[in-house]
Amino acid sequence: MKLASLSRPLLRTATVLAFALTATACATNQADPGAKDAAYQVSDPLEIPNRFVFAANEAVDVLALRPAAEVYVGLVPDPVRDAIHNFIDNLMAPLYIANNLLQGNVEGASNATGRFLTNTILGVGGIADVATQAGIPHAPEDFGQTLAVWGVGDGPYLVLPLLGPSNLRDTAGYAVDTVGDPVRIWAYAKDGEGLMLTRAGVSAVDRRSEVLKSVDDLRRNSLDFYATVRSLHQQQRQAEIANNKGAATPDFPDYSSAPKP
């Protein structure tokens, strides 16, 4: 199916969701009984179905994604894994630039543009992160963050199949980012669906390989892993929206944020 036939209904759905969030934002003040920090309350009216999806995601991770990541770490040398990670991240740079501009963050857009040009030209297509060595900061931005900057509330907490923790606002933002992904646009225009599936698989394994120990520690030390993930995800998203300004937050491993086809 061509992108043109998909993009219009997806964009309409994402737009409706984004505007509907303004009506549901007031519902985000409900207390989260699973959260240890009252400053990070999460509205979770769909907790029962969310827990079912969370359990299914956990099964996929334990049975498939984590073993694949372990094999990846064991067989692929560190420099090659770094090059793969850098290349995948560099492909997302146009979205980082666009979202910075939509947020009115001129400095962020300038840094994202500088990183993209530097790594693409001097980093051999992005496989070397020359920009970081040159002191250009890396700050990924997505459309969920853009909606938050525009004043759209979180909406209810959601656990998405395979994608993991999210909320209504970020789900709408993910749909927009997916449609606007320049690599996806190019691939589908060239009937390159296989390329997108390959990128999705490699990205998922790459992201998961970076947090093997962190996720194991979270599972082992959490009385309620679902509630822990829910609380830490909320803290992480607030830090990302604020560009990490303010109080320090835990380094929650966001292993569900890899690009998807």
- Going by average Cβ neighbours within 10 Å, how do the peptides 227-237, 63-73, 179-189 rank, with the highest at the top? 227-237, 179-189, 63-73
- Rounded, prolate or oblate: pick one for region 144-189, where a ≥ b ≥ c are the square roots of the eigenvalues of its C-alpha gyration tensor, a/c under 1.5 means rounded, and failing that, prolate if a/b is larger than b/c, else oblate. oblate
- Message: Check which residues have an amide H placed less than 5 Å from Leu160's amide H, if you skip close sequence neighbours.
- Response: Ser166
- Once all Cα-Cα distances of region 94-217 are split into 5 Å bins that start at 0, what whole-number percent is in each one? 2, 10, 13, 18, 22, 20, 12, 3, 0
- Query: Taking 0.36 nm per intervening residue step and subtracting the Cα-Cα distance, what contour gain separates Trp150 from Glu193 on full extension?
  - Reply: 12.2 nm
- Task: Within the set of other residues whose C-beta is less than 13 Å from the C-beta of Ala148, count the net charge using Lys and Arg as +1 and Asp and Glu as -1.
- Result: -3
- At R0 = 30 Å, FRET efficiency that the Cβ-Cβ distance of Ala242 and Thr132 yields, to 0.05: 0.85
- Please find the FRET efficiency linking Phe225 to Glu107, where r is the Cβ-Cβ separation and R0 is fixed at 45 Å, and quote it to the nearest 0.05. 0.75
- Query: Using a Förster distance of 35 Å, how high is the FRET efficiency between Phe52 and Thr120, based on the Cβ-Cβ distance and rounded to 0.05?
  - Reply: 0.25
- Among Leu75, Val62, Asn86, flag the residue with its Cα farthest along the positive direction of the charge dipole of region 49-90, charges on Cβ as +1 for Lys/Arg and -1 for Asp/Glu. Val62
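Read the figures in this text as sums done on the coordinates, not as results from a lab. From a predicted model like this one, the values you see are computed outputs, not experimental measurements. Glycine gets a Cβ as well: all are built from the backbone with ideal geometry, and neighbour counts include every protein chain shown.
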